[in-house]
Amino acid sequence: MGQSWSTSMRREELEEYQVNPFRDRICRVFSTDGTFTFEDVLGLASVFSDKASPRLKIEYAFYIYDFNENGFIDEEDLQTIIQRLLNSDDLPEEELVTLTNHVLEEADLDNDNMLSFAEFEHAMLKSPDFLHSFRINF
């Protein structure tokens with residue numbers, strides 16, 4: 001992030017961003033060539049605002065969670081998401097696979113072992129916690 005933006009944020013807001021397990025992906029999705037322009041910061045603030053539409057939040061969450069940027073959230077992406085959410089690289093492989101399979105059983109409607117945007121959107125719209133948690137206070 002650019003220095004001028006960081007210094008204008010309140011300390012607790014900066015800390016909230018710094019402990020976000022997806023901060024590197026947020027930077028990648030919202031920045032222009034690895035640096036933040038003013039427009040990038042406005043886009044980030046708009047998407048993470050409480051007033052952003054659910055569809056917009058879901059769209060950007062999909063981009064953030066698509067770690068390998070293949071246009072789907074696949075098993076590899078899901079395992080990375082789970083490890084980051086649990087803040088653990090030490091999760092036993094069996095448990096990680098079980099959690100990944102559970103997510104796919106619930107959300108993978110066409111049984112291709114990955115989530116398209118439509119499947120991801122469908123799952124997120126059924127999750128009341130998602131919209132509440134997909135925000136950064138500015």
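The values are calculated or read from the model by the stated rules, or taken from the named source; none is laboratory data. Quick caveat: nothing in here was measured; it's all calculated off a predicted structure. Quick reminder, even Gly has a Cβ in these numbers, built from the backbone with ideal geometry, and neighbours come from all protein chains shown. What goes into the accessible areas is simple: the full protein's heavy atoms, side chains included, and nothing from ligands, DNA or RNA. Shrake-Rupley method; radii C 1.70, N 1.55, O 1.52, S 1.80 Å.
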**Report entry** Given charges at Cβ of Lys, Arg, Asp, Glu: the chain dipole, positive-most of Phe22, Leu96, Thr32
**Finding:** Thr32
Query raised in the report: How much mean residue ellipticity at 222 nm does the chain get from its helices, if each DSSP H run of length 4 or more adds -39500 (n - 2.57) and you divide by all residues, to the nearest 500 deg cm²/dmol?
Result: -17500 deg cm²/dmol
Query raised in the report: Label-point separation (nm) for Ala118 and Ser49, each offset 7 Å from Cα along Cα-to-Cβ?
Result: 3.1
Query raised in the report: Leaving out ligands, DNA and RNA but keeping every protein chain, what accessible area does Thr80 have, in Å² rounded to the nearest 10, with a 1.4 Å probe?
Result: 40
Query - GNM flexibility winner over the chain from Asp40, Asp90, Asp24 (Cα, springs under 10 Å) - result: Asp90
**Report entry** Stretchable slack from His132 to Arg23, in nm (0.36 nm times residue separation minus alpha-carbon distance)
**Finding:** 37.5 nm
Query raised in the report: For the chain, what relative contact order do you get, as a whole percent, if you take Cα pairs closer than 8 Å and at least 6 residues apart?
Result: 28
